[in-house]
There are 4 protein chains.
Amino acid sequence: MLNTALLGAGRIAGVHATAISTHPGSRLVAVADINAEAAGKLAAQYGAEARSVDAILADPSINAVLIATSTDTHSDLIERAVAAGKAVLCEKPVDLSLARAQACLAKVGGAPVMIGFNRRFDPNFAGLKAALDAGEIGKAELLSITSFDPAPPPVAYIKVSGGIFRDMMIHDFDMANFLMGAAPVAVLATGSSIVDPAIGAAGDVDTAVVTLTYADGRIAVIKNSRRAVYGYDQRVELLGSEGLLQAGNMLESTLVKSTTGGVTSAKPTYFFLERYMPAYRAEWAAFVGALHADQSVPVTLEDGVAALAMAEAATLSLAKGEPVRLADLG
Amino acid sequence: MLNTALLGAGRIAGVHATAISTHPGSRLVAVADINAEAAGKLAAQYGAEARSVDAILADPSINAVLIATSTDTHSDLIERAVAAGKAVLCEKPVDLSLARAQACLAKVGGAPVMIGFNRRFDPNFAGLKAALDAGEIGKAELLSITSFDPAPPPVAYIKVSGGIFRDMMIHDFDMANFLMGAAPVAVLATGSSIVDPAIGAAGDVDTAVVTLTYADGRIAVIKNSRRAVYGYDQRVELLGSEGLLQAGNMLESTLVKSTTGGVTSAKPTYFFLERYMPAYRAEWAAFVGALHADQSVPVTLEDGVAALAMAEAATLSLAKGEPVRLADLG
Amino acid sequence: MLNTALLGAGRIAGVHATAISTHPGSRLVAVADINAEAAGKLAAQYGAEARSVDAILADPSINAVLIATSTDTHSDLIERAVAAGKAVLCEKPVDLSLARAQACLAKVGGAPVMIGFNRRFDPNFAGLKAALDAGEIGKAELLSITSFDPAPPPVAYIKVSGGIFRDMMIHDFDMANFLMGAAPVAVLATGSSIVDPAIGAAGDVDTAVVTLTYADGRIAVIKNSRRAVYGYDQRVELLGSEGLLQAGNMLESTLVKSTTGGVTSAKPTYFFLERYMPAYRAEWAAFVGALHADQSVPVTLEDGVAALAMAEAATLSLAKGEPVRLADLG
Amino acid sequence: MLNTALLGAGRIAGVHATAISTHPGSRLVAVADINAEAAGKLAAQYGAEARSVDAILADPSINAVLIATSTDTHSDLIERAVAAGKAVLCEKPVDLSLARAQACLAKVGGAPVMIGFNRRFDPNFAGLKAALDAGEIGKAELLSITSFDPAPPPVAYIKVSGGIFRDMMIHDFDMANFLMGAAPVAVLATGSSIVDPAIGAAGDVDTAVVTLTYADGRIAVIKNSRRAVYGYDQRVELLGSEGLLQAGNMLESTLVKSTTGGVTSAKPTYFFLERYMPAYRAEWAAFVGALHADQSVPVTLEDGVAALAMAEAATLSLAKGEPVRLADLG
């Protein structure tokens, strides 16, 4: 039984609390948050205890911590938790600063730290990866990732987000790494604030296209938009030497209506909680399973740093208006 | 080169005129119609001549006639054309009277007379048949045919149509015979005039369901409605011991629109001319091909009589409220 | 908080145990089963207690019982639970005997007894019903229900099942009642044992088509097969005066693969547990919600008896080879 | 009646010959080709005459010429035909040399010269444009064009093709111009010869991604591959402020097969002749219609030069590894 503490008591922490509680191999024992009321409420809901981070890390009966606090605390908490001998599952991104994330990685080394790239566990994307690995479309050549949010976040959030590449496209960078099995050589970003000029005024873009080129000639394209009014649009397609794989959206239902106005079907599920709920559960199960089997966790801190490096390269590429080689990032 | 005369100059005759003219192995040489103006106009459009039926049948240079006149003339014209040594492609149904159709069959025997069950040549249904024959779903068990018109015809037409089973469902009876490769043992019809009570007042129904049972335990269900406001709905599905085959509608385009209101795609093509234009061309090509190869035509007068017998059985079943065995039709 | 006892500890009881436990308004307190070990195991898994039926019914702190025992015990348990003042959710069918079910209904009258026609709570079918009620396709005219199991049950089960109409199609009879909002006038069944002759030897059929006719001219068709090798095939379509509604299968994933061999997508989810898991949860939530709101339960014992009457009529119709009027059932 | 001569007698000329002959407002009167036998054969098939280019241009009864010769002859033939007072429909690209095409444009000015970007007339893409113009998705923001051929051409062809951007992606550049209604500011190309190294050895790429940026912040992405083994993959999607429009592939049929192996549907139609046959007919009809109505042709020589400029920019961008501004092309 994996006695688990949850650091953070926000919305995504709630999702993880459910996953931890309903998994037969883990138990939620403690919740910590700077907002004591939130921590208390979440803990009560799952029969756990609200405690301080210090108390949690000092408690030898706690085997694992799930870090779902604000991004700027991730690196510190990872380091402290590893030092305290806990296994760690930390929400993405590792940090907004690549240098800080690299330092964290250098410090914790091979400790069991998993980064929460939950989309790898989405059954559709996981199925695509499995089909690719099984050779069903031969060798991968051209990858396309479409990743649109239903609506932009408040500009106040944008300002502290680290920018679209670190905040939003980082999931897609990791998806590219997951599917391509290698880091790209160069990153080439374009973007604009066509959805909301206020996002541009805040120094960010809301619509972006990034092209990744690989040493062996493979290419990947990632498209992001902060607004797709019809819902969360999350699709991947991969052209290979012997075929094409596509993983599409989950729909709200299978209902189809045909009238004089056309044939109407359901929209994609609204946002990430709806779409990726099964992925969050599968992610937790994979973490618990790896620990129980004494295997390395399926998404490592290295993976988190790799995706962050791509976000940094994309940010730089957009600013300079030219491609940036990952090797030149330093 | 098959010198062909067209008997009839109405809408469906126009479709056949195009097929005859554009096929490299046939030529439209003459058109006959009781409406001389219509015959003249259609003939002129295709570089053919307007002539009388007598003149056409007496002309030894004419090899084939396509009969697209009103149903009550079909049997007579088939018999006369065969007597004159012409190959015949006749629109469905052979006749409204089963006895008359049977007499026609008895008279013309094995002469090359093809009945215009064009749906056998629809690429989707033909593909379904080919997949079935190739064993792709094992043995057929349960067939479903959905066949809805976009809008009911005028009640005046209904009154002379012979009823929904002889006028509309006869296509589906032939489709069942085509796919099942055997005639059913019994026919069981239900129906109502829920679309338009005036159709009921005219002694017909506009919504009907017919179940066919076969000697070996297979079952088929045919659904007809005179009104599907979203367009011509023509689907077939066949459950077999090793799978399911479905042939669906052709859509007006592949355009899909996703908005806050849902995901909207195109409607089915509006009616039979849009849906079955390729089928009419393929039907004519099959007729010409069979004659050139000195093979029997792919849809025979026997097939036409068989479908008509099922229509008669369905009419009787609806009237009596009980199943009718084809063997009891006499 | 609804203190709930579960009668039965089989597979479907396990599904209900999860629903009861995870609903914030209910709690699983006791499990009874003739197999004491099974009851103990299931109870332990959810922190409940294994108890006898007598003890459960005698315990005034228990508010509700969920009956998931073998069918032959349903009527008795409903009557006893109602007599003990419990609210009841009972798995379908009420009974294999229509007379017994009618007697049960007469005895318990308006007590809160809900019958487990879970498909009414499937989001796809519920959405279809909502769209119909909202007038989105005008007035209903022609309903089609396709309901195929992935594989036939053992013949030993078939023998005690009450036959395909009481065991399998009863769900579809209730779906027709749910969507049409009225009982049919007549039932007309055909069927054969084409999937497995042993099922025929056991006095049952494995493939069946039933046509229902309604007083106002509406028609419904239900198709059942005990074997669709590609998975559980559960579809409903309803033609109305202003359009068509279709609710289709849930697929295992959205993955699509295009190769020289064609374009391949995922199969339907395998069987009822995969397809209807959300429906079971929604069913329980509806039961709890109705009790808390002091409203009548959304699927009543009358509904259970109505579906059973249709199953009896279908059984009779198949045997006699002619339509059976519900009014003539006695 | 538009008396039309066809310059060229190759495969695509044959497609145009059919369109010219079957249109009620045009007639094919002459065919010219350096291969006299090919010209004679094609002419005979459509009741036209094989003549020299000189004879055609000198014949005042000929109103229009359709240029379907090799690309290196296009500019000269356009200039000569315009000088001879003929209306012109010329296959794309105008020329492999941007300078030569610009000179041609300068010379012929506003004469009725249409460039054969047939995809604008594909019903799916035309429908997408119409929906966009009707405001159905608000303002355009992010365009994606997928354009994969089923198999690469021979390397010998690659060598004289002008490269993937002038030969293949030029269609997509025009599609972007058609849909976006403006030229981009900058072009940014990546590419590799991952499909066939011999294509790389010939100085070209077979897989390419181009990003177009627009003055107002809109972005477009075009993906090309010379090989999609499942068939011709031609899709467009456009994200707007109020929704998404997608135009997909035409499929070989609507047949769907469900077995234990999955659910298999038909592949896209194989290549451009199958997919764009209706587009070629509609293109010709638009040309004839514009001339008859004395309106300007719907795709102009300027359009042809604009697309060619983008191809030149892309070629340069790929070579330099950085974005190229169209304004810097000179």
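The values are calculated or read from the model by the stated rules, or taken from the named source; none is laboratory data. As the structure is a prediction and not an experimental result, all values here were calculated from the model. We place every Cβ from the backbone using ideal geometry, glycine too, and count neighbours over all the protein chains shown.
Picking from B:THR264, B:THR269, which residue would you name as being within 14 Å of another protein chain (Cβ to nearest Cβ), touching a Phe, Trp or Tyr at 6+ places or on another chain (Cβ under 7 Å) and either small (Gly, Ala, Ser) or over 30 Å from C:VAL187 (Cα atoms) (or both)? Give the derivation first.
Numbers: B:THR264 fails: touching a Phe, Trp or Tyr at 6+ places or on another chain (Cβ under 7 Å).
The conditions single out B:THR269.
Sort out which residues of region A:285-307 are part of a helix (DSSP H, G or I) and more than 13 Å from the chain's Cα centre (by Cα), and write them in order of number. Reasoning before the result, please.
Initial filter on region A:285-307 (part of a helix (DSSP H, G or I)): A:285-292, A:301-307.
Within region A:285-307, A:ALA285, A:ALA286, A:PHE287, A:VAL288, A:GLY289, A:ALA290, A:LEU291, A:HIS292, A:GLU302 meet the criteria.
Go through the residues of region A:89-109 one by one and say whether even a single one is within 15 Å of the chain's Cα centre (by Cα), in a helix (DSSP H, G or I) and away from every other protein chain (no Cβ under 14 Å). Don't jump to the end; show me each part of the working.
At the first step, the residues of region A:89-109 found to be within 15 Å of the chain's Cα centre (by Cα) are A:89-96.
Remaining after also requiring in a helix (DSSP H, G or I): none.
No, that holds for no residue.
Does region A:177-195 hold any residues that are in contact (Cβ under 8 Å) with a residue 12 or more places away in the chain and either out of contact with any strand residue (DSSP E or B) (no Cβ under 8 Å at 6 or more places or on another chain) or more than 8 Å from chain D (Cβ to nearest Cβ) (or both), and which are they? Before the answer, list the steps.
So the first thing to find is which residues in region A:177-195 are in contact (Cβ under 8 Å) with a residue 12 or more places away in the chain, and the list is A:177-180, A:182-195.
Across region A:177-195, the qualifying residues are A:ASN177, A:PHE178, A:LEU179, A:MET180, A:ALA182, A:ALA183, A:PRO184, A:VAL185, A:ALA186, A:VAL187, A:ALA189.
Can you tell me which residue in region B:226-256 is nearest to the other protein chains (Cβ to nearest Cβ), limited to those that are assigned to a loop (DSSP other than H, G, I, E, B) and within 24 Å of C:ILE194 (Cα to Cα)? Walk me through it before giving the result.
As a first pass, look at region B:226-256 and keep what is assigned to a loop (DSSP other than H, G, I, E, B): B:226-232, B:241-242, B:248-250, B:252-254.
Filter once more, keeping what is within 24 Å of C:ILE194 (Cα to Cα): B:241-242.
Details: B:SER241: 7, B:GLU242: 6 Å.
Only one residue fits best here, namely B:GLU242.
Considering only region D:61-84, state which residues are over 18 Å from D:ALA9 (Cβ atoms), in a loop (DSSP other than H, G, I, E, B) and in contact with a Leu (Cβ under 9 Å, 6 or more places away or on another chain).
Matches in region D:61-84: D:ASN63, D:ALA84.
Going residue by residue through region C:256-270, is there one that turns out to be farther than 30 Å from D:TYR270 by Cα and either under 22 Å from the mean Cα position of the chain (by Cα) or at pLDDT 95 or above (or both)?
Step one: of region C:256-270, the residues farther than 30 Å from D:TYR270 by Cα are C:269-270.
Cutting the leftovers down to either under 22 Å from the mean Cα position of the chain (by Cα) or at pLDDT 95 or above (or both) gives us C:269-270.
Checked region C:256-270: at least one residue is farther than 30 Å from D:TYR270 by Cα and either under 22 Å from the mean Cα position of the chain (by Cα) or at pLDDT 95 or above (or both).
Counting only residues that are crowded, with 17+ Cβ neighbours inside 10 Å and among the small types (Gly, Ala, Ser), which one in region B:85-139 is farthest from B:SER241 (Cα to Cα)?
That would be B:ALA87.
Counting only residues that are touching a helix residue (DSSP H, G or I) at 6+ places or on another chain (Cβ under 8 Å) and facing chain B (nearest Cβ under 8 Å), how many does region C:209-225 have?
Result for region C:209-225: 1.
Here is a list of conditions, (1) within 14 Å of another protein chain (Cβ to nearest Cβ); (2) buried (at least 20 other Cβ atoms within 10 Å of the Cβ); (3) under 20 Å from the mean Cα position of the chain (by Cα), and A:LEU142 meets all of them except one; can you say which number that is?
Going through (1) within 14 Å of another protein chain (Cβ to nearest Cβ); (2) buried (at least 20 other Cβ atoms within 10 Å of the Cβ); (3) under 20 Å from the mean Cα position of the chain (by Cα) one by one, A:LEU142 breaks only (3).
Working carefully through the options A:ASP72, A:ASP76, A:ASP59, find the one that is more than 24 Å from the chain's Cα centre (by Cα) and farther than 30 Å from C:GLU252 by Cα. So that I can check it myself, show each step before the final result.
On the way: A:ASP72 fails: more than 24 Å from the chain's Cα centre (by Cα); A:ASP76 fails: more than 24 Å from the chain's Cα centre (by Cα).
That would be A:ASP59, the only listed residue that is more than 24 Å from the chain's Cα centre (by Cα) and farther than 30 Å from C:GLU252 by Cα.
Can we say D:ILE164 is touching a Leu at 6+ places or on another chain (Cβ under 7 Å), more than 13 Å from chain B (Cβ to nearest Cβ) and of a type in the set (Val, Ile, Thr)?
Numbers: touching a Leu at 6+ places or on another chain (Cβ under 7 Å): no; more than 13 Å from chain B (Cβ to nearest Cβ): yes; of a type in the set (Val, Ile, Thr): yes.
Considered against the rule, which asks whether it is touching a Leu at 6+ places or on another chain (Cβ under 7 Å), more than 13 Å from chain B (Cβ to nearest Cβ) and of a type in the set (Val, Ile, Thr), D:ILE164 comes out as no.
If only one of D:LEU66, D:LEU42 is in contact (Cβ under 8 Å) with a residue 12 or more places away in the chain and more than 18 Å from the chain's Cα centre (by Cα), which one is it?
Values: D:LEU66 fails: more than 18 Å from the chain's Cα centre (by Cα).
Sole residue among the options that is in contact (Cβ under 8 Å) with a residue 12 or more places away in the chain and more than 18 Å from the chain's Cα centre (by Cα): D:LEU42.
Rundown of residues vs (1) in a loop (DSSP other than H, G, I, E, B); (2) aromatic (Phe, Trp, Tyr); (3) more than 20 Å from B:LYS223 (Cα to Cα), yes/no style:
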| residue | (1), (2), (3) |
| --- | --- |
| C:GLY138 | yes, no, no |
| C:GLY162 | yes, no, yes |
| C:LEU179 | no, no, no |
| C:LEU212 | no, no, no |
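For region D:244-276, give me the residue count where each residue is surrounded by fewer than 18 Cβ atoms within 10 Å (Cβ to Cβ) and in contact with a helix residue (DSSP H, G or I) (Cβ under 7 Å, 6 or more places away or on another chain).
Adding up the residues that qualify gives 1.
Going by the structure shown, is C:GLU136 in contact (Cβ under 8 Å) with a residue 40 or more places away in the chain, touching a Leu at 6+ places or on another chain (Cβ under 9 Å) and within 14 Å of chain A (Cβ to nearest Cβ)? Spell out the reasoning first.
Working: in contact (Cβ under 8 Å) with a residue 40 or more places away in the chain: yes; touching a Leu at 6+ places or on another chain (Cβ under 9 Å): yes; within 14 Å of chain A (Cβ to nearest Cβ): yes.
In short, yes.
For residues that are of a type in the set (D, E, K, R) and free of Cβ contacts under 8 Å to residues at least 60 places away in the same chain, scanning just region A:87-111, find the one that is farthest from A:ASP59 (Cα to Cα).
The first filter runs over region A:87-111 and keeps only residues of a type in the set (D, E, K, R), leaving A:91-92, A:95, A:100, A:107.
Filter again for free of Cβ contacts under 8 Å to residues at least 60 places away in the same chain, leaving A:100, A:107.
Working: A:ARG100: 27, A:LYS107: 22 Å.
Selected residue: A:ARG100.
Residues that are within 19 Å of C:ARG235 (Cβ to Cβ), among the polar types (S, T, N, Q) and either in contact with a Lys or Arg (Cβ under 6 Å, 6 or more places away or on another chain) or crowded, with 24+ Cβ neighbours inside 10 Å (or both): does region C:159-177 have at least one?
Filtering region C:159-177 down to residues within 19 Å of C:ARG235 (Cβ to Cβ) leaves C:164, C:168-177.
If we keep only those that are among the polar types (S, T, N, Q) as well, we get C:177.
Restricting the remaining residues to those that are either in contact with a Lys or Arg (Cβ under 6 Å, 6 or more places away or on another chain) or crowded, with 24+ Cβ neighbours inside 10 Å (or both) gives none.
No, region C:159-177 contains no residue that is within 19 Å of C:ARG235 (Cβ to Cβ), among the polar types (S, T, N, Q) and either in contact with a Lys or Arg (Cβ under 6 Å, 6 or more places away or on another chain) or crowded, with 24+ Cβ neighbours inside 10 Å (or both).
Checking A:ALA198 against (1) over 23 Å from the mean Cα position of the chain (by Cα); (2) more than 10 Å from chain D (Cβ to nearest Cβ); (3) of a type outside the set (Val, Ile, Thr); (4) not in a helix (DSSP H, G or I), which test does it fail?
(4)
Residue under question is C:GLY135, and the condition is that it be small (Gly, Ala, Ser) and assigned by TED's automatic domain parsing to the domain that holds C:GLN246; does it hold?
Working: small (Gly, Ala, Ser): yes; assigned by TED's automatic domain parsing to the domain that holds C:GLN246: yes.
The answer is yes for C:GLY135.
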